[in-house]
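Comments concern the structure below.
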Amino acid sequence: MTDLVQPATRPANPRFSSGPCAKIPTFTLDKLNDAALGRSHRAAIGKQKLKAAIETTREILGIPADYKIGIVPASDTGAVEMAMWSMLGARGVTMLAWESFGSGWVTDVAKQLKLDATVMTADYGQLPDLASVDFATDVVFTWNGTTSGVRVPNGDWIADDREGITICDATSAAFAMDLSWDKLDVTTFSWQKVLGGEAAHGMIVLSPRAVERLESYTPAWPLPKIFRMTKGGKLIDGIFVGETINTPSMLAVEDYLVALDWAKSEGGLAGLIARADANAKVIHDFCDAHDWIANLADDPATRSNTSVCLKFTDDRIKDGAVFAKAVAKRLEAEGVALDIGAYRDAPAGLRIWCGGTVETSDIEALMPWLDWAFNAEIAAQ
């Protein structure tokens, strides 16, 4: 180890967590000075800011004008649960799972809603057989597996003439990937992922088909207040113009608005995708150049450009989990990479966030440190 020389350059921002993610590069606390603190979210100023958050989201993501967008409680989790509890049960349901969050939705549907779902799974690093999905059923899936680094390559596999609705957890895909809105009936995400917003708030996007489901179907189970999107068989339109179900944090709202403005300054969705792609490419190129590390995703076409998951492949490693944790701990101790250990339910390895709020120069600076930490741990075994 005494022969190992540490790299000369450190990442300016060592925050590579997959959620909450790095703040926008230009973030300073004084950017929140215009927050409507101490004001009711039902006051004119509160409604104006909430509506601005909704409509700017629509503008950047290119969400169709006839789709409804709502701000809901409990982050992406709350939005997904709201959709499943409110809409599933009208017809058969197919659950797709290839990482921990997709598996969590399977558990909720099977054990909590007690629906006899068709479950299609794949190991970490792979996708289920998308060509065999039955779109006569409702289909629930994640666009990007945050804990596996595996994403669907596009929306072509989703039937145009589907009879069921699609419910898509897009929390680590929105603002970094080109979502096929015509194929998605319910789409959910949180503020804390690609735009580096604050936690606790989620977004739900409904197609006209999803609205029709809500207004024509009443689930057999009781719905908590925070899941209710209809009243008297009609959509509660206020939810989708900024009249939130419960009280939002106006400080978090302001933070999201600041992030949205930054996103527009970076070229909108195209600019954010380009930033994430450039970040992920640095890691993919590093893996190609080193035979001791590889992308967890087997197929390059399914590799995430946000939650890039890696596995160590060197035969000298005696205990993969211990080794990966030691590498992550060593990098954190040096202050060059924070929170990059693999998710607790995922295979041993690393997970490096590459969303648009991360600077490519920081990813580039991290790679020599990853090489250093790997060799230091090999020598320490």
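The values are calculated or read from the model by the stated rules, or taken from the named source; none is laboratory data. Treat the numbers as computed from the prediction; the structure is a model and nothing was measured. Quick reminder, even Gly has a Cβ in these numbers, built from the backbone with ideal geometry, and neighbours come from all protein chains shown. Accessible surface is based on the protein model in full, side chains and every heavy atom, while ligands, DNA and RNA are left aside. Shrake-Rupley method; radii C 1.70, N 1.55, O 1.52, S 1.80 Å.
Simple spin-label model, 7 Å along Cα-to-Cβ: R42 to L338 in nm?
3.8 nm
Send over the per residue convex hull volume for the stretch 234-325, Cα only, as a whole number of Å³.
About 207 Å³ per residue, rounded to a whole number.
Taking only Cα atoms and a 10 Å spring cutoff, compute GNM fluctuations for the chain and point out the largest among D108, D285, D261.
D285
Quick check on the chain: helices-only [θ] at 222 nm, where DSSP H runs of length 4 and up contribute -39,500 (n - 2.57) each and the sum goes over total residues. Nearest 500, please.
-10500 deg cm²/dmol
Amide H neighbours of H201 under 5 Å, counting only residues 5+ apart in sequence or on other chains, H built in-plane at 1.01 Å?
Those qualifying (amide H under 5 Å, at least 5 residues apart or on another chain) are S75, W191.
I'd like the trypsin sites (Lys or Arg not before Pro) in the stretch 327-363 restricted to DSSP loop residues with at most 12 other Cβ atoms within 10 Å, sorted by number. Kindly include the intermediate steps, with their values, before the conclusion.
Working: sites: K329, R330, R344, R351; in loops: R344.
Here the trypsin sites (Lys or Arg not before Pro) that fit, given the DSSP loop and packing criteria, are R344.
Just the accessible area per residue of the chain, please: how many Å² with a 1.4 Å probe? Provide the component values of the computation, followed by the final result.
Values: 15650 Å² over 381 residues.
Per-residue value: 41 Å².
How compact and how long is the stretch 77-236, expressed as Rg and Dmax of its alpha-carbon atoms in Å?
Gyration radius and largest Cα-Cα distance of the stretch 77-236: 14.7, 45 Å.
Rounded to the nearest angstrom and ordered from largest down, what semi-axes does the equivalent ellipsoid of the chain get from its C-alpha gyration tensor (root of 5λ)?
They are 36, 26, 17 Å, listed from largest to smallest.
Which entries of K31/K51; K68/K264; K193/K311; K114/K325; K111/K325 have Cα-Cα distances beyond 30 Å here?
On the way: K31/K51 19 Å; K68/K264 21 Å; K193/K311 22 Å; K114/K325 37 Å; K111/K325 33 Å.
Beyond 30 Å: K114/K325; K111/K325.
Mind checking which aspartates and glutamates have their C-alpha under 13 Å from K329, skipping anything on the same chain fewer than 8 residues away?
The qualifying aspartates and glutamates are D339, E377.
How would the stretch 225-381 be classified by its alpha-carbon gyration tensor: rounded, prolate or oblate, with rounded meaning a/c under 1.5 and the a/b versus b/c comparison settling the rest? Spell out each step's value before the answer.
Working: a/c = 2.47, a/b = 2.03, b/c = 1.22.
It comes out prolate by the Cα gyration axes.
For the chain, give the percent of accessible area contributed by carbon and sulfur heavy atoms, probe 1.4 Å, rounded to a whole number.
Carbon with sulfur: 49 percent of the solvent-accessible area.
Does the stretch 1-116 classify as rounded, prolate or oblate by the C-alpha gyration tensor (a ≥ b ≥ c root eigenvalues; a/c under 1.5 gives rounded; else a/b over b/c gives prolate, otherwise oblate)?
Oblate is the answer for the stretch 1-116, as a/c is 1.5 or above yet b/c matches or exceeds a/b.
Given the convex hull over the Cα atoms of the stretch 48-101, what projected area results after averaging over all orientations, in nm²? Intermediate results must be reported in sequence, preceding the final value.
Values: hull surface 22.3 nm².
Projected over every direction and averaged, the Cα hull of the stretch 48-101 covers 5.6 nm².
Mind checking which helices in the chain clear 24 Å along their axis (Cα) and have mean Kyte-Doolittle hydropathy of -0.5 or more, DSSP H runs only?
44-61, 268-289, 360-380
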